[in-house]
């Protein structure tokens, strides 16, 4: 074998390890499942939105609206009286509908009198994730097409109505119902925008803390092994629980410090992007002091759970290189709930998705602020309890591992060294 | 008084028998050497006695404490120096000694321990330098200082002079010898037969997880008509 071939063979043998492939396989699987989800979303987006119509006007322009809606949406409720609004909303709720559109009784006459025609829209919002607003976006698109069609109709009829009304002949009077709250003057899209600008900070910080502090814990364990200090540590008169908790607490302090630094920068950045706290307070979409304390507790418990998990992974690290590989699953577990909670609301996830997200302890602080704003204390407190149980169980497993041979031997299997080879080696040794 | 009493000790790693029913005793104040080739089971025995590996069967008593039941008590009495041990690289030599001393006692005694560790390590001003700037010899001296500064009742030293030059090895041997005079019992393993002859009061020859011979170095050389312990070992494992 040539020298190059010899080196290639050795390098391949060294590099083709499960540690090299497992992360890539996981990434491929995640992309695959993401592709599947996107397909589902595309299918959902292609479906006509489910709506209800109350047409009080029944004249030329309102009929354009009615025809457009009936052609492009699935209409599950139809009426001509605004007295039926409540019945319409109930029907839409039962049928997973998105919006009840009420065409004002003076719709056509207002437009012909150079005023914008009123469309009252009662939105039924299911979730505050970006993807949750797909169906309402469908209705939004339909409404803009209706505007264009009425404009065309007005232009064709050579009307003398002023240009601003012709270009935008309708105006919306919107009310959104979401998690038992009524938001007058807001559409689902604007609520999603407001909430996401407010609740983006915690998921990002949580993810950063987990990745940074988790990396510290895993590396710390790996370095104890690589620098051969672990054996000494284990023979000192110190309880295993003290070793484990000492490492976790130190990493948590560093993680929180890093988070604090990160949070200062991020909050300034997000202040520039958000719609301002006054708008949020107007609709009571802000956390009070008690809420912030609960989010803090949730964040702390999730951090301890994350670090306990990292410590568990760290016990498998043999050296610094393997520690880098072991941080990958934790990074993924931090990224998955961050993206999911940004794109979808916990309530609108399928059952399997809910179980998956709930099972990841890092999800809970990411969901906590939004849940608290809408009074879903059960989700928040059960999340805190779950994170605490997860942390206790994981720490117990780590302490158990520290009390077994595995922490030093790594594996219970060892290669047998032949007797003759031992004697030969011994004989060859010079002293 | 018996410092270590090992009876029918067995250690298995899965299906591999690393230690096969070995028995030996080490008396208080004695330097006892475990001698054998790589893979013979020396380090496994030392790790078991140091409380970091579990026994598969048999029993080990350290100063009458049962290893399986009283490992926390035993850890207060022993000090273990692994063969290829290191120290925390971001700490200075003195800080490392301080870190270890704090596990044993608080207050005034901690300070005494550190000063003793500094004295044994004998690194001069370099004790205030970061550990990652130390040579292999300096690191080993620091670790020997760490192991002996606490006045352990039992010091377990795995290849204490491994990888050291003649001068450094000789100095460490002197330190070990002096330590027994202060009442510490030493259990060590070594490949260096000269070191074994010079240091140990008694030795046990271990091969493939079994103790094949025990006795005083001079008595064993006489028994096998050998010039040195290496020849004794070769004769025994033939």
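Brief remarks follow.
- Unique residue being assigned by TED's automatic domain parsing to the domain that holds residue A:253, outside any helix (DSSP H, G or I) and at pLDDT below 85 when the list is A:279, A:286: A:286
- Scope the range B:146-155; condition under 13 Å from the mean Cα position of the chain (by Cα) and more than 15 Å from residue B:84 (Cβ to Cβ); matching residues: B:148, B:152, B:153, B:154, B:155
- Of all residues in the range B:218-232 being closer than 23 Å to residue B:27 by Cα and either in contact with a strand residue (DSSP E or B) (Cβ under 6 Å, 6 or more places away or on another chain) or more than 13 Å from chain A (Cβ to nearest Cβ) (or both), the one that is surrounded by the fewest Cβ atoms within 10 Å (Cβ to Cβ): B:218
Conditions (1) modelled with pLDDT of 85 or more; (2) within 13 Å of the chain's Cα centre (by Cα), marked per residue:
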{"site": "A:352", "(1), (2)": "yes, no"}
{"site": "A:360", "(1), (2)": "yes, yes"}
{"site": "A:364", "(1), (2)": "yes, yes"}
{"site": "A:381", "(1), (2)": "yes, no"}
{"site": "A:395", "(1), (2)": "yes, no"}
{"site": "A:399", "(1), (2)": "yes, no"}
{"site": "A:402", "(1), (2)": "yes, no"}
{"site": "A:423", "(1), (2)": "no, no"}
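- Residue check for residue B:209: crowded, with 20+ Cβ neighbours inside 10 Å and on the phi > 0 side of the Ramachandran plot: yes
- Residue B:206, sole failed condition from (1) within 25 Å of residue B:136 (Cβ to Cβ); (2) touching a helix residue (DSSP H, G or I) at 6+ places or on another chain (Cβ under 7 Å); (3) within 14 Å of another protein chain (Cβ to nearest Cβ): (1)
- Spans of helices (runs of 4 or more DSSP H) in the range A:1-111 with at least 1 residues under 26 Å from residue A:329 (Cβ atoms) and at pLDDT 85 or above: none
- Yes/no for residue A:92 being in contact (Cβ under 8 Å) with a residue 60 or more places away in the chain and touching a strand residue (DSSP E or B) at 6+ places or on another chain (Cβ under 9 Å): no
- For residue B:201: the one exception among (1) within 30 Å of residue B:136 (Cβ to Cβ); (2) out of contact with any strand residue (DSSP E or B) (no Cβ under 7 Å at 6 or more places or on another chain); (3) surrounded by fewer than 18 Cβ atoms within 10 Å (Cβ to Cβ): (2)
- Just one of (1) in contact with a helix residue (DSSP H, G or I) (Cβ under 9 Å, 6 or more places away or on another chain); (2) away from every other protein chain (no Cβ under 12 Å); (3) in a helix (DSSP H, G or I) fails for residue B:139. It is (2).
- Checklist (1) away from chain B (no Cβ under 14 Å); (2) farther than 30 Å from residue B:154 by Cβ applied to residue A:216, failing item: (1)
- Within the span defined as the range A:194-212, every residue fails to be farther than 30 Å from residue A:252 by Cβ and surrounded by fewer than 16 Cβ atoms within 10 Å (Cβ to Cβ).
- Only one of B:186, B:176 that is outside any helix (DSSP H, G or I), under 11 Å from the mean Cα position of the chain (by Cα) and under 23 Å from residue B:44 (Cα atoms): B:186
- Odd one out for residue B:182 among (1) more than 14 Å from chain A (Cβ to nearest Cβ); (2) crowded, with 17+ Cβ neighbours inside 10 Å: (2)
- Filter result for residue B:48 (buried (at least 22 other Cβ atoms within 10 Å of the Cβ), within 12 Å of chain A (Cβ to nearest Cβ) and either within 16 Å of the chain's Cα centre (by Cα) or under 12 Å from residue B:190 (Cα atoms) (or both)): yes
- Scanning the range A:231-242 for residues that are touching a residue at least 40 places away in the same chain (Cβ under 8 Å) and buried (at least 21 other Cβ atoms within 10 Å of the Cβ) yields A:231, A:234.
- Boolean, residue B:145 is in a helix (DSSP H, G or I) and either surrounded by 15 or more Cβ atoms within 10 Å (Cβ to Cβ) or in contact with a helix residue (DSSP H, G or I) (Cβ under 6 Å, 6 or more places away or on another chain) (or both): yes
- Criterion: away from chain A (no Cβ under 14 Å) and free of Cβ contacts under 8 Å to residues at least 60 places away in the same chain - qualifying residue of B:163, B:215: B:215
- The lone exception for residue B:30 - which of (1) surrounded by 17 or more Cβ atoms within 10 Å (Cβ to Cβ); (2) free of Cβ contacts under 8 Å to residues at least 24 places away in the same chain; (3) more than 9 Å from chain A (Cβ to nearest Cβ) it fails: (2)
- Condition check for residue B:91: surrounded by fewer than 18 Cβ atoms within 10 Å (Cβ to Cβ) and more than 8 Å from chain A (Cβ to nearest Cβ): yes
- For the range B:76-88, a residue qualifies if it is facing chain A (nearest Cβ under 7 Å), over 23 Å from residue B:132 (Cβ atoms) and crowded, with 23+ Cβ neighbours inside 10 Å, and exactly one does: B:78.
- Residue satisfying all of: in the range A:55-66; surrounded by 21 or more Cβ atoms within 10 Å (Cβ to Cβ) and without any contact (Cβ under 8 Å) to a residue 60 or more places away in the chain; farthest from residue A:169 (Cα to Cα) among these: A:55
- Any hit, the range B:132-143, residues being under 23 Å from residue B:102 (Cβ atoms) and in contact with a strand residue (DSSP E or B) (Cβ under 7 Å, 6 or more places away or on another chain): yes
The values are calculated or read from the model by the stated rules, or taken from the named source; none is laboratory data. Treat the numbers as computed from the prediction; the structure is a model and nothing was measured. Don't worry about glycine lacking a Cβ; one is built from the backbone with ideal geometry, like all the others, and counts go over all protein chains shown.
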